[in-house]
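*Asks:* Handing you a structure now.
Here, each number is a calculation from the coordinates, and none is a lab measurement. Please read these numbers as outputs of a predicted model, since none were measured by experiment. Here the Cβ positions follow ideal geometry from the backbone for every residue, glycine too, while neighbour counts run over all protein chains shown.
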Amino acid sequence: MPVVTPLDYVVIVFYLLLVLIVGSFAGGKQSTAKDYFLGSSNISWWAVCFSIVAAETSSLTFISIPGLAYLTNLTFLQVAIGYLIGRILVAIFLLPLYFKGDLSTAYAYLENRFGAKTRKFASIVFLFTRVAADGVRLFATAIPLKLLLNLSYPQAIIIIAIIALAYTYFGGLKGIIWVDVMQMFIYLGGAILALIVISTKLPNGINSIFYFASTHDKLGLFNLGFNTGIKQFFSQPYTLFAGFIGGAFLSMASHGTDQLIVQRLLSTKKLSEARKAIIGSGVIVIIQFAIFLFVGLGLYAYYDAATLDTLKLYKADEIFPKFIIEKIPAGLSGLIIAGLFAAALSTLAGSISSLSSSAMMDLYKPFKGEIENRNELKISRIFSVIWTVLLILSAIFFMSSPTIVVELALSIASFTYGGLLGTFLLGVFINKAKQEDALAAFVGGILVMVSFVAMKLVAWTWFTFIGVVATLIIGKLLSQLNIFKMDK
């Protein structure tokens, strides 16, 4: 059992109390659902930029990316570069659509373009996908808390979820964003601090990491993937084309159609600020991935390339938490664990808010009609509680999965992102497409992806791209059939 000192506990408790206070009070006074979910649309772009980074980073980056580098190399950075490409495309093609009129969610655009049924269907798909993917992220955060306090995974999951719910409930999106700004610097600082500690424990410091990584062929960054057959080419997740194309389409979907991120972009004052926020976040994310991958290489050198069995670990995700708790000095380990919680809470709180806003604005309000402001805010907060419970249940469900959690979460998201992004692009580029075409194409894109997953034809990085292509082809064909019928 690792030794955790009273000083570590003091640091962690102080941090969690600070989060609760800042998150609860930074949101200011809220009187409507718009205040609660969009922060009155007057938040600075740089705060939104940092908040986007914190929301998408989560505990997966903190513990799973180092574990991934421990097992492989640096080729995951190809996906990160694809993420930046995707954000630039979102800024050009999708963001202008959201700033036309007074949209409350990403899916309100689909109602304007196709009709209410498409909006509702997209919202429901988002709700299921987000609960599953963030259930995985919540479980990932529970790993170090379980080791730290000798709790069961369900107990650790519930503790983290309640903390995130508390400041989301009182502070709304504005409170979440300002906590995210603080938390981004905390977890990045924690990662850099961990890297410094690892370096001090090696004979030649940082040079030892480079030497050990180079001698074990772990500094590879780009992998063309052309030295294999066509089937192997598409089954490798971290090749240049899978990273750039798959990463770009995944980022377009997650940052252009997922309410978790679009909600933050809609909280800025105008389109130009939203564009700066989303592109700036892409640059920062590449730097972040590089830092966390390098932490993994440092751990590989420190543990002398030991296998998971030798370290008595079940998953690679447990390597970084093991080092934090067992090897980092008292006080510093508490600070780094606080950084882990920072990464986790930012995503979890954002998930609670985005799930609640989509359920409220896309499904409940259209069904109930006009609601008095006071009741609207009350119902919105009730939705926050409901989705927190569902996220807890989702995290418990995914506890037994042997897959590296970062790949599991991204695979779940990619599973439906293709149909979702494809439907948005159908509305943008195929003018003749109608609501019936969009719904059929949406479902068809998901079914095509189900087939690819069931037959294990491609790696997860290709999921979104294939789903988008299938959705667009189906939508285009159906719209052409409509034209043919009209001509007859």
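*Asks:* Normalised by the residues of the range 6-402, what does the relative contact order come to in percent, with Cα pairs under 8 Å and at least six apart? Don't skip to the end; give the middle numbers.
*Replies:* Details: 656 pairs, mean separation 166.1, N = 397.
Computed over the range 6-402, the figure is 42 percent.
*Asks:* Tell me which trypsin sites (Lys or Arg not before Pro) from the range 47-119 have a DSSP coil assignment and no more than 13 other beta carbons within 10 Å of their own.
*Replies:* Here the sparse-neighbourhood loop sites are Lys100.
*Asks:* Does anyone have the angle between helix 435-454 and the longest principal axis of the chain? Alpha-carbon axes, 0 to 90°, nearest 10?
*Replies:* Approximately 30 degrees, to the nearest 10.
*Asks:* Can you spot the lysines whose alpha carbon is less than 18 Å from Lys322's alpha carbon? Ignore those fewer than 8 places along the same chain.
*Replies:* Correct list for Lys322: Lys146, Lys201, Lys312.
*Asks:* Still on this structure, I have one more. Hey, with R₀ at 30 Å, roughly what FRET efficiency would Thr32 and Lys270 work out to, going by the Cβ-Cβ distance, to 0.05?
*Replies:* Efficiency, rounded to the nearest 0.05: 0.90.
*Asks:* Could you put Ser104, Ser31 in order, starting from the residue whose Cβ has the fewest other Cβ atoms within 10 Å?
*Replies:* Numbers: Ser104 20, Ser31 12.
So the residues, fewest neighbours to most, are Ser31, Ser104.
*Asks:* For Trp46, Trp460, what's the fewest-to-most ordering of other Cβ within 10 Å of each Cβ?
*Replies:* Listed from fewest to most nearby Cβ atoms, that is Trp46, Trp460.
*Asks:* If packing is taken as the mean number of other Cβ atoms within 10 Å per residue, what is the order of 344-350, 360-366, 92-98, 212-218, highest first?
*Replies:* Packing proxy ranking, top to bottom: 344-350, 360-366, 92-98, 212-218.
*Asks:* Taking the range 336-384, which GluC sites (Glu not before Pro) meet the DSSP loop condition and have no more than 14 other C-beta atoms within 10 Å?
*Replies:* Within the range 336-384, the qualifying GluC sites (Glu not before Pro) (loop, at most 14 other Cβ atoms within 10 Å) are Glu370, Glu372.
*Asks:* If r is the Cβ-Cβ distance from Phe222 to Glu372 and R0 is 41 Å, what FRET efficiency results, to the nearest 0.05?
*Replies:* 0.10
*Asks:* Where Rh is the Kirkwood radius over the Cα pairs of the range 85-232, the temperature 4 °C and the viscosity 1.567 mPa s, what D in µm²/s does Stokes-Einstein return?
*Replies:* In µm²/s, the coefficient is 62.
*Asks:* To continue, here is another question. Between 0 and 90 degrees, rounded to the nearest ten: what's the tilt of helix 247-256 against the longest Cα principal axis of the chain?
*Replies:* That works out to roughly 60 degrees.
*Asks:* Which residues' amide hydrogens lie under 5 Å from the amide hydrogen of Ser267, considering only partners 5 or more residues apart or on another chain, with H built in the peptide plane?
*Replies:* Excluding prolines and chain starts, which carry no amide H, there are no hits.
*Asks:* If you don't mind, another one. Is there a pair in Lys365/Lys432; Lys34/Lys117; Lys117/Lys276 whose C-alpha atoms are over 26 Å apart, and which pairs would that be? Intermediate values should be presented prior to the final figure.
*Replies:* Details: Lys365/Lys432 29 Å; Lys34/Lys117 23 Å; Lys117/Lys276 32 Å.
Violating the 26 Å limit, Cα to Cα: Lys365/Lys432; Lys117/Lys276.
*Asks:* What is the order of Thr307, Thr32, fewest Cβ neighbours within 10 Å to most?
*Replies:* Details: Thr307 9, Thr32 16.
Ordered from fewest to most neighbouring Cβ atoms within 10 Å, Thr307, Thr32 come out as Thr307, Thr32.
*Asks:* May I ask you to list the trypsin sites (Lys or Arg not before Pro) in the range 295-361 that are in a DSSP loop and have at most 14 other Cβ atoms within 10 Å of their Cβ?
*Replies:* Passing sites in the range 295-361 are Lys312.
*Asks:* Using the alpha-carbon atoms, what tilt in degrees (0 to 90, nearest 10) does helix 6-26 show relative to the longest principal axis of the chain?
*Replies:* 20
*Asks:* Take Leu7, project a point 7 Å from its Cα along the Cβ direction, then tell me which residues of the range 314-332 have their backbone nitrogen under 13 Å from it.
*Replies:* Of the residues in the range 314-332, 328-332 have backbone N under 13 Å from the label point off Leu7.
*Asks:* May I pose another question? Averaging over every viewing direction, what projected area does the convex hull of the Cα atoms of the chain cover, in nm²? Don't jump to the answer; show the numbers that get you there.
*Replies:* Numbers: hull surface 91.4 nm².
So the mean shadow area of the Cα hull is 22.9 nm².
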